[in-house]
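The structure under discussion appears below in the form of structure tokens.
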Amino acid sequence: MPGDSFDCYHSAFHQIGAAWAAIDAAPHVTHTENAWPHARRGQLESIMDVIVIGGGIVGVATAYQLRAAGHRVCVVERHATVAQGATYGHGGTLLPTPLDVWFGPTFMQHRQAAKSGVIRKTGFNGPVREFIRKLATLAEPDAFKKQFALLRPLVESARESLADIEHHFNLEFEQSKGQLYLVRSARDWELTEPALELLRQFEAPHHVLSPQECQDIEHSIPLEPHFAGGVLIEDEGTANCPLFAKLLKQTLDAQGGVQFQCGREVTGIRLDNQRAAVELAPANGESARSSREVDVISADAVVVAAGVGSLALLEKLRLNLPLHPLRLHNLVAPIAREEFAPHTTVIDAVKRITITRSNHRLRIAGGAVLQSASQTKQPLPEPLTKEALALLGQATHDWVPGSARISAALPWEGAKLLSPDGLPVTGNALHPRLFVNAGHGPVGWGLAFGTGKLIANLVSGAPSELSPDTIAALRPERFRE
Ligand SMILES: Cc1cc2nc3c(=O)[nH]c(=O)nc-3n(C[C@H](O)[C@H](O)[C@H](O)COP(=O)(O)OP(=O)(O)OC[C@H]3O[C@@H](n4cnc5c(N)ncnc54)[C@H](O)[C@@H]3O)c2cc1C
């Protein structure tokens with residue numbers, strides 16, 4: 001794909017052309033390699049202009065990786081700033097482990113929400129039932145292990161990028177280390193065994209603990225009622241994802257080469273042999289124009305990284321992905337009594353509920369509600385909201401009782417896309433100039449830097465460190481085969 005023709009805006013639309021003009025004018029555009037921790041000098045045949053749709057963590061991470069590879073990037077985000085979608089409500093865990101990916105032997109094995117952590121309101125909706133059926137095939141231990149093995153190189157690639165960023169730009173985003181996974185019943189403990197096998201196989205440092213040992217590490221965990229045990233992963237971290245996304249945006253703003261067009265919604269994508277382009281809805285405050293007058297930004301390539309919004313944009317291009325939106329909840333509660341507050345991140349490994357301490361607050365995330373896609377677009381009926389938040393309150397009461405004032409907690413809900421095979425959808429699709437980076441599910445933060453790097457490699461035509469098996473398993477068009 002040529003990156004040399006920088007006639008990158010529709011001549012009628014100077015306002016938007018200014019996006020690239022500003023990037024051109026930035027002082028660091030072509031000579032910032034030293035500013036980038038893993039810039040790949042000399043690999044680029046040409047510098048591309050790339051539009052990234054979506055300013056969630058996936059869009060920001062993709063923009064970062066594209067810029068690090070030397071490209072010029074324009075991120076288009078419909079909200080006034082970045083990290084306002086699913087990224088806003090994250091639970092705090094950085095990189096996924098075999099114990100908390102949203103597929104496998106322990107995921108949704110119980111029908112009751114009180115045991116599985118997932119409220120199912122699927123009715124007779126065919127697509128969502130088919131989605132659950134496919135996800136359930138990964139409950140079989142060998143299928144789970146095979147799928148996680150495909151995901152793992154992505155996790156390791158993301159780990160490397162995150163460490164580079166943290167070190168190089170010296171960002172402070174409430175980082176802390178240590179995750180303690182807890183399992184209630186003996187049956188669930190048995191189901192955890194394939195995940196433990198994977199930790200051993202990958203030589204990931206971890207400690208399998210008795211209830212007493214869990215309490216020795218985290219004094220706030222009660223020994224009654226009895227629970228089966230826990231797994232401590234000391235090296236895995238938690239932090240504040242929306243804060244990180246905003247800091248990274250500031251870093252990109254300061255370094256140059258990435259332009260953020262916030263408050264602009266993409267309504268369509270145009271693809272032809274010469275260029276790719278996005279059509280924009282009128283900016284806030286602008287009156288609607290005739291259908292012949294739309295703002296357009298054109299570029300060498302477009303990456304769709306718009307979270308749940310990706311589906312509608314891709315459907316217009318006749319790419320129907322079988323990703324399903326899942327609603328999740330979050331409570332941020334003030335610490336009630338310091339002596340009962342946890343110091344380690346505590347995760348209910350079966351219900352996938354994360355309890356993270358951040359200064360004087362506890363962040364409790366999970367409480368999934370699975371409905372049809374059309375119902376997920378509607379506001380959640382109040383009784384279901386209460387039921388989901390009650391799952392979070394109960395988990396706090398079960399694992400760290402008395403630690404937080406749940407009655408004073410601020411609730412939040414958001415939706416993210418889950419894929420039926422548990423893997424994100426990352427790669428080229430339909431046209432050489434179109435790329436997709438979506439479907440990261442509930443583990444989007446860490447993975448975003450691995451998938452963003454893959455997108456940057458694909459756009460650059462550069463080899464990826466990921467295995468061909470992993471790259472094939474992530475392809476957007478895999479569901480058609
Ligand atoms: C309650 C909760 C807890 C979670 N906990 C964790 C956790 O602990 N660890 C973890 O790794 N992950 C967690 N996740 C998942 C993680 O937050 C997501 O995987 C990740 O944020 C997805 O990022 P994204 O950029 O794809 O989506 P989003 O953050 O939703 O961003 C998509 C962006 O695209 C924009 N957009 C959409 N359509 C358009 C359009 N047409 N034009 C312009 N802009 C558009 C949206 O406004 C939005 O800002 C959690 C999610 C939730 C909801």
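The values are calculated or read from the model by the stated rules, or taken from the named source; none is laboratory data. Computed from a prediction, not measured in an experiment: that's the story for all the values here. Every residue, glycine as well, gets a Cβ built from its backbone with ideal geometry; the counts of neighbours run over all protein chains shown. Areas reflect the complete protein model, heavy atoms only, side chains present, ligands, DNA and RNA absent. Shrake-Rupley method; radii C 1.70, N 1.55, O 1.52, S 1.80 Å.
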Exercise. Across the stretch 351-375, what is the number of residues that are within 28 Å of Ala239 (Cβ to Cβ), surrounded by fewer than 20 Cβ atoms within 10 Å (Cβ to Cβ) and touching a residue at least 60 places away in the same chain (Cβ under 8 Å)?
Worked result: 2
Seminar exercise, completed: Matching residues in the stretch 365-416 (assigned to a helix (DSSP H, G or I) and not charged (D, E, K, R)) number 21
Exercise. How many of the residues in the stretch 352-361 are assigned to a strand (DSSP E or B) and over 12 Å from Thr93 (Cβ atoms)?
Worked result: 3
Exercise. With (1) open to solvent by 60 Å² or more (accessible area, probe 1.4 Å); (2) in contact with a helix residue (DSSP H, G or I) (Cβ under 9 Å, 6 or more places away or on another chain); (3) more than 30 Å from Arg133 (Cβ to Cβ) as the list, and Val400 as the residue in question, which single condition is left unmet?
Worked result: (1)
For this session: Select the strands (runs of 3 or more DSSP E) contained entirely in the stretch 225-282, then report the ones holding at least 1 residues which are hydroxyl-bearing (Ser, Thr, Tyr).
Result: 229-238, 266-271
Exercise. Among the residues of the stretch 211-224 satisfying the criterion of being in a loop (DSSP other than H, G, I, E, B) and either free of Cβ contacts under 8 Å to residues at least 60 places away in the same chain or open to solvent by 20 Å² or more (accessible area, probe 1.4 Å) (or both), which is farthest from Trp189 (Cα to Cα)?
Worked result: His219
Problem set entry | Given (1) open to solvent by less than 20 Å² (accessible area, probe 1.4 Å); (2) away from the ligand (no atom under 13 Å from the Cβ); (3) free of Cβ contacts under 8 Å to residues at least 60 places away in the same chain, index of the condition Gly393 fails | (3)
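Checking the conditions here, which among Val436, Val459 is touching a His at 6+ places or on another chain (Cβ under 8 Å) and not assigned by TED's automatic domain parsing to the domain that holds Pro225? Show your work before the answer.
On the way: Val436 fails: touching a His at 6+ places or on another chain (Cβ under 8 Å).
Checking each option against the conditions leaves just Val459.
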For this session: Go through (1) away from the ligand (no atom under 12 Å from the Cβ); (2) open to solvent by 40 Å² or more (accessible area, probe 1.4 Å); (3) modelled with pLDDT of 95 or more one by one and return the number of the condition Leu99 breaks.
Result: (2)
For this session: Determine if the stretch 306-329 includes at least one residue that is open to solvent by 10 Å² or more (accessible area, probe 1.4 Å), within 20 Å of the chain's Cα centre (by Cα) and on the phi > 0 side of the Ramachandran plot.
Result: yes
Seminar exercise, completed: Going through (1) surrounded by fewer than 24 Cβ atoms within 10 Å (Cβ to Cβ); (2) modelled with pLDDT of 95 or more; (3) more than 24 Å from Phe107 (Cα to Cα) one by one, Thr470 fails only at (3)
Exercise. Can you name every residue in the stretch 325-351 that is part of a helix (DSSP H, G or I) and either within 11 Å of the ligand (Cβ to nearest atom) or in contact with a strand residue (DSSP E or B) (Cβ under 9 Å, 6 or more places away or on another chain) (or both)?
Worked result: Phe340
Seminar exercise, completed: Restricting attention to the stretch 45-73, the residues that are open to solvent by less than 10 Å² (accessible area, probe 1.4 Å), touching a strand residue (DSSP E or B) at 6+ places or on another chain (Cβ under 7 Å), more than 11 Å from the ligand (Cβ to nearest atom) and of a type outside the set (A, V, I, L, M, F, W, C) number exactly 3
For this session: Evaluate the following for Leu430: is it away from the ligand (no atom under 16 Å from the Cβ), touching a residue at least 24 places away in the same chain (Cβ under 8 Å), open to solvent by 20 Å² or more (accessible area, probe 1.4 Å) and in contact with a strand residue (DSSP E or B) (Cβ under 7 Å, 6 or more places away or on another chain)?
Result: no
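Scan the stretch 46-104 for residues that are more than 24 Å from Arg352 (Cα to Cα), assigned to a helix (DSSP H, G or I) and not β-branched (Val, Ile, Thr) and jot them down. Give the derivation first.
From the stretch 46-104, those more than 24 Å from Arg352 (Cα to Cα) are 46-55, 59-82; that's our starting set.
Of the ones still in play, those that are also assigned to a helix (DSSP H, G or I) are 59-68.
Answer for the stretch 46-104, where residues must be more than 24 Å from Arg352 (Cα to Cα), assigned to a helix (DSSP H, G or I) and not β-branched (Val, Ile, Thr): Gly59, Ala61, Ala63, Tyr64, Gln65, Leu66, Arg67, Ala68.
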Exercise. Given the conditions (1) in the same structural domain as Lys386 (by TED's automatic domain parsing); (2) open to solvent by less than 20 Å² (accessible area, probe 1.4 Å), and given that Leu154 satisfies all but one, which numbered condition is not satisfied?
Worked result: (1)
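Report, by residue number, each residue of the stretch 108-150 that is in a loop (DSSP other than H, G, I, E, B), under 21 Å from the mean Cα position of the chain (by Cα) and not hydrophobic (A, V, I, L, M, F, W, C). Walk me through how you get there before you give the answer.
At the first step, the residues of the stretch 108-150 found to be in a loop (DSSP other than H, G, I, E, B) are 108-112, 117, 122-125, 140.
The next check asks that each one be under 21 Å from the mean Cα position of the chain (by Cα); those that pass are 108, 117.
Scanning the stretch 108-150 gives a single hit, Gly117.
Of Glu293, Glu279, which residue is over 30 Å from Gln112 (Cα atoms) and loosely packed, with under 15 Cβ neighbours inside 10 Å?
Working: Glu279 fails: loosely packed, with under 15 Cβ neighbours inside 10 Å.
Going through Glu293, Glu279 in turn, just one is over 30 Å from Gln112 (Cα atoms) and loosely packed, with under 15 Cβ neighbours inside 10 Å: Glu293.
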